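First the structure, in the form of structure tokens, and then the observations on it.
The values are calculated or read from the model by the stated rules, or taken from the named source; none is laboratory data. The structure presented is a predicted model; accordingly, all values stated were derived computationally and were not measured. When we count neighbours, we look across all protein chains shown, and the Cβ atoms used for this are built from the backbone with ideal geometry, even at glycine.
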Ligand SMILES: CC(C)(COP(=O)(O)OP(=O)(O)OC[C@H]1O[C@@H](n2cnc3c(N)ncnc32)[C@H](O)[C@@H]1OP(=O)(O)O)[C@@H](O)C(=O)NCCC(=O)NCCS
């Protein structure tokens with residue numbers, strides 16, 4: 001199976017949102033103790049309008065003969081997506097722009113095949129080429145250290161409430177970029193604030209996913 005990572009295009013928007021919705025809501029994830037996150041597909045939709053970085057919204061395609069399109073003959077099929085957005089660290093005398101990323105999604109049937117890895121590695125390499133100084137984000141501490149992410153506390157950065165914990169991680173893309181961030185607090189787009197956006201997500205789902213229902217969870 002070949003995995004190709006490329007920039008997302010407008011024609012991919014709908015499938016990317018469906019993949020995101022499936023990745024974050026499938027029953028096994030919840031059974032394993034994951035948090036049910038039914039907002040992530042809406043975040044992707046909104047991040048394209050503000051705070052998201054178009055050059056860092058990437059899709060992973062695989063070529064799977066079983067999925068060959070009868071008309072075009074193409075076997076390519078999008079199975080994963082990652083998007084980056086603008087964030088910053090604010091200290092008493094600096095505002096330091098950084099990258100955030102997420103949601104990161106792989107279609108459940110294609111997980112644990114290296115697709116998430118390919119998306120993250122491509123994102124890191126593209127972000128570095130585009131000149132971004134650092135990535136900071138919240139994620140699973142059991143998954144991300146394999147890519148070189150470290151707990152943000154090593155740079156003396158906290159979340160916006162002044163806390164640090166293993167799920168708050170980062171990576172410098174330019175050496176010592178975060179050295180002037182010590183004592184600073186991290187702020188990401190308010191699109192990640194579930195509490196603030198709950199009603200908007202429900203309205204969005206009512207219209208946009210009206211004909212679709214997630215599988216029952218019991
Ligand atoms: C998390 C996710 C993006 C990983 O993508 P993936 O394509 O399944 O992962 P990969 O195949 O690239 O896995 C790479 C490695 O990480 C491990 N891994 C994958 N998911 C993991 C998880 N949830 N926890 C711990 N390790 C994990 C795999 O075992 C693999 O290790 P190996 O190469 O030594 O076998 C994908 O499982 C997903 O979409 N999950 C649901 C949505 C989600 O949780 N997104 C991330 C939010 S922080």
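Here the condition is being over 14 Å from residue 59 (Cα atoms) and either within 12 Å of the ligand (Cβ to nearest atom) or free of Cβ contacts under 8 Å to residues at least 12 places away in the same chain (or both); of 105, 125, it holds for 125 alone.
Taken together, 96, 124, 120 contain a single residue that is in contact with a strand residue (DSSP E or B) (Cβ under 8 Å, 6 or more places away or on another chain), under 18 Å from residue 171 (Cβ atoms) and assigned to a strand (DSSP E or B), which is 96. If you check residue 83 against the conditions, is it within 13 Å of residue 173 (Cα to Cα), crowded, with 18+ Cβ neighbours inside 10 Å and within 16 Å of the ligand (Cβ to nearest atom)? It is false that residue 83 is within 13 Å of residue 173 (Cα to Cα), crowded, with 18+ Cβ neighbours inside 10 Å and within 16 Å of the ligand (Cβ to nearest atom). When residue 141 is tested against (1) closer than 18 Å to residue 87 by Cα; (2) within 13 Å of the ligand (Cβ to nearest atom); (3) surrounded by fewer than 18 Cβ atoms within 10 Å (Cβ to Cβ), only condition (1) is not met. Among the listed residues 136, 178, 173, identify the single one that is at pLDDT 95 or above, more than 26 Å from residue 4 (Cα to Cα) and surrounded by 17 or more Cβ atoms within 10 Å (Cβ to Cβ). One residue alone meets the criteria, 178.
State whether the residues of region 164-179 include one that is assigned to a helix (DSSP H, G or I), farther than 22 Å from residue 41 by Cα, more than 16 Å from the ligand (Cβ to nearest atom) and in contact with a helix residue (DSSP H, G or I) (Cβ under 7 Å, 6 or more places away or on another chain). Checking region 164-179: at least one residue is assigned to a helix (DSSP H, G or I), farther than 22 Å from residue 41 by Cα, more than 16 Å from the ligand (Cβ to nearest atom) and in contact with a helix residue (DSSP H, G or I) (Cβ under 7 Å, 6 or more places away or on another chain).
Considering region 180-198, and only residues there that are within 25 Å of residue 50 (Cα to Cα) and out of contact with any strand residue (DSSP E or B) (no Cβ under 9 Å at 6 or more places or on another chain), the residue that is nearest to the ligand (Cβ to nearest atom) turns out to be 194. Among all residues of region 62-76, there is none that is at negative phi, exposed (fewer than 14 other Cβ atoms within 10 Å of the Cβ) and touching a residue at least 24 places away in the same chain (Cβ under 8 Å). Would you mind stating whether residue 152 is over 17 Å from residue 179 (Cα atoms) and within 16 Å of the ligand (Cβ to nearest atom)? For residue 152, the condition - over 17 Å from residue 179 (Cα atoms) and within 16 Å of the ligand (Cβ to nearest atom) - is not met.
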